Each structure stands twice: as C-alpha cells, then as structure tokens.
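J.: Below are the structure tokens for one structure; questions will follow.
The values are calculated or read from the model by the stated rules, or taken from the named source; none is laboratory data. A quick note: this is a predicted structure, and the numbers were derived from the prediction, not measured. Note that we place each Cβ from the backbone using ideal geometry, even for glycine, and neighbour counts take in every protein chain shown.
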Amino acid sequence: MGGTLAVGDALATTAGRVVGGDGHGGHDGYAPGPALLVPLVLFWVYLAAALRQRGPDGGGWPHRRTTAFGAGAGLLAVGLALPAGGFAAHAWQHLLVGMLAPLGLVLGAPVTLALRSIDRRRGRALVRLLRRPALAAFAHPVTGLVLTTGGLYALYLTPLYRATLAHPALHHLAHLHFLLSGLLFTWSVAGPDPGPHRPRVPVRLVVLGVAVAAHAALAQLLYAGLAVDVPAPPGQLRAGATVMYYGGDLAEIALALALLATWRPAVRKGPLLTHSA
C-alpha cells in the first residue's frame, strides 16, 4: 500500500479532504436530512425498552449491550452527517455506516431485547419467523459476504458509483444497502441474538477471512487506480483506499474478536486416554 510514509501522508490529509474535498469523486450537495433521525430514533426506542427491563434490585438489561448499541447508533449518525468532500469522505462514510455502526448495533442484541419486551404470543411468533428455513439460507455468512463485499466490487468496478454521483436517491439507496448488508453480515458471523442455525465458529472465521482478503484486494486496486471506475484524482483514490484498507482491518479484527468471544468449544466427555488390560 505504498509504505508507512505514504500511509501516514494519506491519513494526515484525509481529514482535510473529508471536509473540504476537491469537487471530484464526491457527492456535491449531499445532505443527510431526515436520515439523521434514524439512528436517534433507534437508540431512543432501544433505550426505552432497556430501561423497562430494570428490576427493583437494580438488575436488568446489561449495560454493555446498551453501550454497544449506543455506540453503533452514534457511529451511524456521524457517518450520515459527514459532509460531501470527495472519495476520501465516501470511504469514511462506508467504513462508519457499513462496518463499524453495524458491529455496535448487532452487539447490542436488539432482537433479544425485543423478545424480552413483547408479550409471549408475539415472542413465539418472532422465534418461529427466525427459525424458518428460508431465513436460515438468507442469514448465512456467505450470503452476507456476497451482499457486502460483492456490493463494493459492483460499486467501484462498474459505472454504478458514477451513477450515485449523479442521482442522490441512488446514493441514499447505496447507503441503505451497505447498512443492511453490514448488519446481516455482522449478525450472521457474531450476532448474540437468537436466529437460524449458524455454521460452526471455524466456518464463520473462514468466511470472515475471505471478506478480509477481498476487502484488502479492492482497497489495493483503488490505491493503484486499476480496474476501478471512480472519477476521482489519484490523491483522493489513495486517501480513500487507505481508509478502506486500514479502517476495514480494524473493523474486521473487532468482528473476529466478537466472534471468538462467543465460541464455546465442545467439551469432550469421558477419559482422554484409554488403558488396555
């Protein structure tokens, strides 16, 4: 990726480019508008449900879950509020909206909180929905991988990114896609909520490893300006690719740690050694 000095230069100039930009490769005139209300409303509803779980002894919904969800909602709000300023700003938006915010939101276990907050009849209906075979296929980590990483390749290697520059509605749809696909991928890999039967942890780690490799390869293509269709100056491409490469690594490491934290290896029963008579 051009060495430590190049990385440092790119990261040092990214903040200025996010705010100021250069008029190329960015969404000029983009304003989040009502979209900023989404994370605020989500957190308000979540917090209200969490507070209702408090018992007379002070126990109730885990504070770490509320903190995680609040952090996810905050990161989503920051990502949506970032001003348009070229491809570097776009890379930050994708990192926040499509990777970091979903991690916090999923680790908040909102489905579990919902099951505790609604009546038993609706809870059983929700559990039946989560156990449907069709949902199991949709919620597989490979499906999330295709929707997240495959969506990135489709965005940058085809004229789709140019189209989002010309059509704000398409830009909003792209943000929505990366948020929802990021939630799905994070939930399928390391979600604490109940859901369809998930593959074993080693399988999910392999899928996550493929995502890391594919994400890094795309960032390198952007850094070199090879095979991508992004109308941005080389400096903007390098700055955005640096954010995608190193920021994506941090997000995926955090996801891997969240997955490993849920791993409970099966305990072998019986003696490990047998003795012959």
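J.: Can you say whether Ala77 is more than 28 Å from Pro168 (Cβ to Cβ), buried (at least 18 other Cβ atoms within 10 Å of the Cβ) and modelled with pLDDT of 90 or more, as far as the supplied structure shows? Break it down stepwise before answering.
T.: Details: more than 28 Å from Pro168 (Cβ to Cβ): no; buried (at least 18 other Cβ atoms within 10 Å of the Cβ): yes; modelled with pLDDT of 90 or more: yes.
No.
J.: Could you pull out the residue among Phe69, Phe87 that is modelled with pLDDT of 95 or more and either hydrophobic (A, V, I, L, M, F, W, C) or surrounded by 15 or more Cβ atoms within 10 Å (Cβ to Cβ) (or both)?
T.: Values: Phe87 fails: modelled with pLDDT of 95 or more.
It is Phe69.
J.: OK, next. As an exercise: evaluate Ala169 against (1) at pLDDT 95 or above; (2) out of contact with any helix residue (DSSP H, G or I) (no Cβ under 8 Å at 6 or more places or on another chain) and give the number of the one condition it does not meet.
T.: Only one criterion in (1) at pLDDT 95 or above; (2) out of contact with any helix residue (DSSP H, G or I) (no Cβ under 8 Å at 6 or more places or on another chain) is unmet by Ala169, namely (1).
J.: Further question on the same structure: Are any residues in the range 235-252 surrounded by 23 or more Cβ atoms within 10 Å (Cβ to Cβ) and among the small types (Gly, Ala, Ser), and if so, which ones?
T.: Ala239, Gly240, Ala241, Gly248
J.: Please note which helices (runs of 4 or more DSSP H) are completely contained in the range 61-124 and include at least 2 residues that are free of Cβ contacts under 8 Å to residues at least 60 places away in the same chain and farther than 18 Å from Ser188 by Cβ. Before you say what the answer is, go through the steps one by one.
T.: Working: elements: 63-81, 87-94, 101-107, 110-117.
Hits in the range 61-124: 63-81.
J.: Conditions first: (1) surrounded by fewer than 16 Cβ atoms within 10 Å (Cβ to Cβ); (2) under 20 Å from Asp249 (Cβ atoms). Leu173 passes all but one, so which condition is the exception?
T.: Unmet condition: (2).
J.: Going through the range 176-205 one residue at a time, which ones are charged (D, E, K, R) and buried (at least 16 other Cβ atoms within 10 Å of the Cβ)?
T.: Taking the range 176-205 and keeping what is charged (D, E, K, R), we get 193, 198, 200, 204.
Selection gives Asp193, Arg198, Arg204.
J.: Name the one entry in Arg200, Arg238, Arg204 that is free of Cβ contacts under 8 Å to residues at least 12 places away in the same chain and not small (Gly, Ala, Ser).
T.: Details: Arg238 fails: free of Cβ contacts under 8 Å to residues at least 12 places away in the same chain; Arg204 fails: free of Cβ contacts under 8 Å to residues at least 12 places away in the same chain.
Testing whether each residue is free of Cβ contacts under 8 Å to residues at least 12 places away in the same chain and not small (Gly, Ala, Ser) leaves just Arg200.
J.: A further question follows. Limited to the range 205-224, what total is found for residues that are in contact with a Lys or Arg (Cβ under 6 Å, 6 or more places away or on another chain) and of a type in the set (A, V, I, L, M, F, W, C)?
T.: 0
J.: Inside the range 140-159, can you point out the residues that are surrounded by fewer than 20 Cβ atoms within 10 Å (Cβ to Cβ), touching a residue at least 40 places away in the same chain (Cβ under 8 Å) and of a type in the set (A, V, I, L, M)?
T.: Val142, Leu157
J.: Next up: Which members of the range 226-268 meet the condition of being closer than 16 Å to Leu155 by Cβ and among the small types (Gly, Ala, Ser)?
T.: Answer for the range 226-268, where residues must be closer than 16 Å to Leu155 by Cβ and among the small types (Gly, Ala, Ser): Ala227, Ala232, Gly240, Ala241, Gly248.
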